[in-house]
Amino acid sequence: MPAALPDRIAHALRYPFDPPHRAYRFRAGGLHPPEPFDPAGLHAVVASGSNGSPDRLQQKFGDAVEVPVTYGIIHDLVPVFAARVTGYGSVPATLAVVKGARAGVHVTWLTDLQLQIMHQTESLGTGYAYCALEGFEFTAQGDHPRAPLHAYISLHGALAPEGRLLPLAQVPQTQAQQHVMDSFGFAGTLAEFVRLNLDDPDHRLRANDAASRIGQTIDDVRLMRIA
């Protein structure tokens, strides 16, 4: 049975769904202590936002899979809000290049099949590009096999009202939504704005057009687009 509208609105405003600031093992639909694992055949994908959350991994993969999730500090990249609104009503995240910055991020270790599912959920080619991260220093906290890092980078750029990026560590979802509302010139309530974006694709398209006007392109030679 589809979720009731108030629950869908509340879900949109919970983004990024409370990812823990540590490594863990996603198993049986939830969070478990980390364990050593064999990285052979796995893709190391940096999570800029909700993909580091067990709740979001459960929504994407269900209860029957396991995903090792490591954690560490990445240099010159920061999880920030992207310049768009998703079909589930949230302003999502992306990584943006900020030279000299450091940020805590999760790394999900995905099988080929899990990566294909993740591509679909990230709207590959329309919402995000899948990129190899070349030359970004990563300092792991705990066990973390050495492997090339990848990430989803927003094709819509980063939300940057008055030229200021909005880091997820400092700015809540409600404030990111308010910036999109302001750029849109929306005079109603936040709940009304989210409801319209959930249920009216034309409204969401206009909201995304407005968000793009305060967007900042993410471009760096170290972000090597693969798909």
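GluC sites (Glu not before Pro), restricted to segment 106-146: which are DSSP loop and have at most 13 other Cβ atoms within 10 Å?
GLU134, GLU137
Per-residue ellipticity at 222 nm for the chain, helices alone: DSSP H runs ≥ 4 residues times -39500 (n - 2.57), over residue total, nearest 500 deg cm²/dmol?
Values: 6 runs with 63 residues, N = 227.
Per the formula, -8500 deg cm²/dmol.
Take every Cα-Cα distance within segment 10-94, group them into 5 Å bins from 0 onward, and report for each bin the whole-number percent of pairs it holds.
The distribution over segment 10-94 is 3, 13, 23, 24, 19, 13, 4, 1, given as percents.
D for segment 80-179, whole µm²/s, Stokes-Einstein with Kirkwood Rh over alpha-carbon pairs at 4 °C and 1.567 mPa s: what number?
On the way: Rh = 15.0 Å.
Answer, rounded: 87 µm²/s.
Select from VAL171, VAL80, VAL105 the residue whose mean-square fluctuation is largest in a Gaussian network model of the chain (Cα-Cα springs shorter than 10 Å).
In the Gaussian network model the winner is VAL171.
Can you give me the C-alpha center-to-center distance between segment 75-117 and segment 173-227, rounded to a whole angstrom?
The distance from the Cα centre of segment 75-117 to that of segment 173-227 comes to 16 Å.
Note down the Stokes-Einstein diffusion coefficient of the chain in µm²/s, whole number, using a Kirkwood radius over alpha carbon pairs, 10 °C, and 1.306 mPa s. Before the final figure, lay out each step's value.
Values: Rh = 17.8 Å.
The diffusion coefficient I find is 89 µm²/s.
Could you go through segment 132-140 in sequence order and give the Karplus-derived ³J(HN,Hα) for each residue, using 6.51 cos²θ - 1.76 cosθ + 1.60 with θ = phi - 60°, rounded to whole Hz, and x for Gly and Pro?
Per-residue couplings from phi come out as 7, 9, 10, x, 8, 5, 10, 10, 6 Hz.
Taking the solvent-accessible surface of protein heavy atoms with a 1.4 Å probe, what is the per residue accessible area of the chain in Å²?
47
Which residue, PRO79, PRO36, PRO16, tops the fluctuation ranking in a GNM of the chain built on C-alpha contacts under 10 Å?
Sorting by GNM fluctuation, first place goes to PRO36.
How much of the accessible area of segment 111-193, in percent, comes from carbon and sulfur atoms when a 1.4 Å probe is used?
Working: 2080 of 4120 Å².
Looking at segment 111-193 in its full context, I get 50 percent from C and S.
Which values, in whole Å and largest first, are the semi-axes of the equivalent ellipsoid of segment 68-125 obtained as the square root of 5 times each eigenvalue of the Cα gyration tensor? Working shown, then result.
Numbers: eigenvalues 92, 66, 17 Å².
For segment 68-125, the semi-axes come out at 22, 18, 9 Å.
The values are calculated or read from the model by the stated rules, or taken from the named source; none is laboratory data. Note that this is a predicted model, so its numbers are computed, not measured. In this analysis, Cβ positions are derived from the backbone assuming ideal geometry, glycine residues included, and neighbour counts consider all displayed protein chains. Calculation scope for accessible area: heavy atoms of the full protein, side chains included, ligands and nucleic acids excluded. Shrake-Rupley method; radii C 1.70, N 1.55, O 1.52, S 1.80 Å.
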